[in-house]
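Since every read-out is calculated from the coordinates, none of them should be taken as a lab result. Only a predicted model underlies this, so the values are computations on that prediction, with no experimental measurement involved. Cβ placement follows ideal geometry from the backbone for every residue including glycine, while neighbour counts extend to all protein chains displayed.
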Amino acid sequence: MLTRRVFLQGAAAAPALAVGTAFARDAATSKLKSLTGGAKPISVEELRSRIEKAQGLMAQRKVAALLIESGTSLEYFTGIRWRRSERTTLAIIPASGAVMVVTPAFEEPSVRETLQVGGDVTPWDEHENPFEKIVQGLKARGIDSGVLAAESTIRFFIVAGVRQASSAYEIVPADAIVRACRLIKSPAELALMQLANDITIAGLRHVHSQVAVGMSASDISALMDRTTLALGGSPGGFSLVLLNEASAYPHGSVKPQSVREGSVILMDCGCAVHGYESDISRTWVHGQANARQRKVWNTVKRGQELALETAKLDAPVGAIDDAVRKYYETEGWGPGYHLPGLSHRTGHGIGMDGHEPPYLVHADTTPLQAGMCFSDEPGIYIPGEFGIRLEDCWHMTASGPKLFTPLAKSPEEPI
């Protein structure tokens, strides 16, 4: 009963303290400066070169046109930034000739604002069938039949609608075309990714210095969101915060947690700069790490190092995951993907999407090439106790992997 009474007294006193502390944190955050003043978006010339490359690949594969719905691939090729809804907006990139975009009539002015590569915008009114407009656009370009390649994230109702509007076309996946363009990042893309990573690591450094006993996961996450915006990251970044036992579950738990002495704090955060993503995780202990926490933390750091040491040009990217997992098994984790241990892949491709191919996962045979970008995040998770995840992004060069951010040093110096 005494413990309960003390707890309730502490809880009653907390709001006043929290208000003052939160004010101080916001004051510190307001002094941060944007890091994106010199950021240069992808040029129109680079967008057009992407279309030319895709058209060359289409010609090789005897594909008449590429169909791309709203999303990152649409932005990648045309510059159009548009959200998905039940109303179809779709670009047609023919094997030769200009791009055509089909979009709702009342959205046409907005879509044109970010269309940077020229071409036609074909509107459809609410009472019209957009799929008939797509077929009409194909025929206007002399594509009366043949093979259409659909970008991998296009929704089924659009593919079905085109098929219903005309049976003259065979629709196949466009992965071989789109991936061949997007896998290798240009210097301009790498520069934007570097800026995004600079923002996230600076944000984590700032938030790490502000975390205090009693803060909830949502308190820390909100602080990271405000910090990211202040540093110039785009709205809509992510800030996953896992405390205590919740850190043992890679994407968290619904059970409320708060910071206490000895808490494991796992933050997984990212943002975008002109459409290009960052993804960084840091884990530390509030106060003094115990021997078990420190041992697991050091094992994960060694896993990160081993992933980078294994990254060799032309080697299958899945070999990186295999090497880390083999080491973990010698340390008593696993085997394989079993818990306690590493239940997810060692890393994922990253660029305009936070997760994109190829993947650092067993059996991915994609040859590692200069310009490919990945996360490096071989966490260890112990259900019922805690988890440790350290994550940094890197890109392959002719001389080996290059990190966007330095690896964490220790539980005491995680940033």
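Here are the numbers:
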quantity: The range 327-415 - percent relative contact order, Cα under 8 Å, separation 6 or more; calculated: 20
quantity: Label selected from [x] 140; [y] 173; [z] 186, the criterion being volume of the Cα convex hull per residue in Å³ as computed here; calculated: [y]
quantity: Gaussian network model of the chain, springs between alpha carbon atoms under 10 Å - residue of ARG61, ARG294, ARG50 with greatest fluctuation; calculated: ARG61
quantity: Listed pairs LYS53/LYS139; LYS31/LYS402; LYS185/LYS295 exceeding 29 Å between Cα atoms; calculated: LYS31/LYS402; LYS185/LYS295
quantity: Within the chain, helix-based [θ] at 222 nm, where runs of 4 or more DSSP H residues each add -39,500 (n - 2.57), nearest 500; calculated: -12500 deg cm²/dmol
quantity: SER186-LYS402 pseudo-label distance in nm [points 7 Å out on the Cα-to-Cβ vector]; calculated: 1.7
quantity: Paramagnetic reach from HIS355 (point 7 Å along Cα→Cβ, amide N under 15 Å) across the range 127-168; calculated: 153
quantity: In nm, spacing of pseudo-spin labels at GLU261 and ALA212 (7 Å Cα→C-beta vector); calculated: 1.7
quantity: Dipole-positive endmost among HIS286, GLY270, PHE238 within the range 185-403 (Cβ charges, Cα centre); calculated: HIS286
quantity: In range of the label at THR114: residues from the range 216-247 whose backbone nitrogen is under 11 Å from the point 7 Å along Cα→Cβ; calculated: none
quantity: Value of Rg/Rh across the range 185-403 [Cα atoms, Kirkwood radius]; calculated: 0.96
quantity: Paramagnetic reach from LEU339 (point 7 Å along Cα→Cβ, amide N under 15 Å) across the range 357-379; calculated: 379
quantity: Rel. contact order, % - alpha carbon contacts under 8 angstrom, at least six apart, the chain; calculated: 13
quantity: Virtual spin-label span in nm between GLU329 and ARG294, 7 Å along Cα→Cβ; calculated: 3.0
quantity: Cut-off under 5 Å, modelled amide H: who pairs with HIS348 long-range; calculated: LEU360, SER375
quantity: Extended-chain gain in nm, criterion 0.36 nm per residue less alpha-carbon gap, SER96 and ARG302; calculated: 69.2 nm
quantity: Antiparallel content of DSSP bridges confined to the chain, in %, to 5; calculated: 75
quantity: Integer Hz, Karplus 6.51/-1.76/1.60 couplings in order for the range 369-385, x for Gly and Pro; calculated: 10, 4, x, 6, 10, 9, 8, 10, 9, x, x, 10, 10, 10, x, x, 10
quantity: Estimated dipole of the range 213-332 in Debye, rounded to 20 [Cβ of Lys and Arg +1, of Asp and Glu -1, Cα centre]; calculated: 400
quantity: Charge-dipole axis of the chain as Lys and Arg at +1 and Asp and Glu at -1 on Cβ define it, positive-most pick from LEU313, GLY142, VAL63; calculated: LEU313
quantity: Cα-based equivalent ellipsoid of the range 44-182: semi-axis lengths in Å, sorted from largest, via gyration tensor; calculated: 20, 18, 13
quantity: Between helix 291-310 and the chain: long-axis angle, C-alpha atoms, 0 to 90°, nearest 10; calculated: 30
quantity: On Cα atoms only, tilt of 156-165 relative to the major axis of the chain in degrees; calculated: 10
quantity: Theoretical FRET efficiency, 1/(1+(r/R0)^6), r = Cβ-Cβ of SER253 and ASP144, R0 56 Å, to 0.05; calculated: 0.50
quantity: Degrees between helix 2-30 axis and first principal axis of the chain (Cα, 0 to 90, nearest 10); calculated: 50
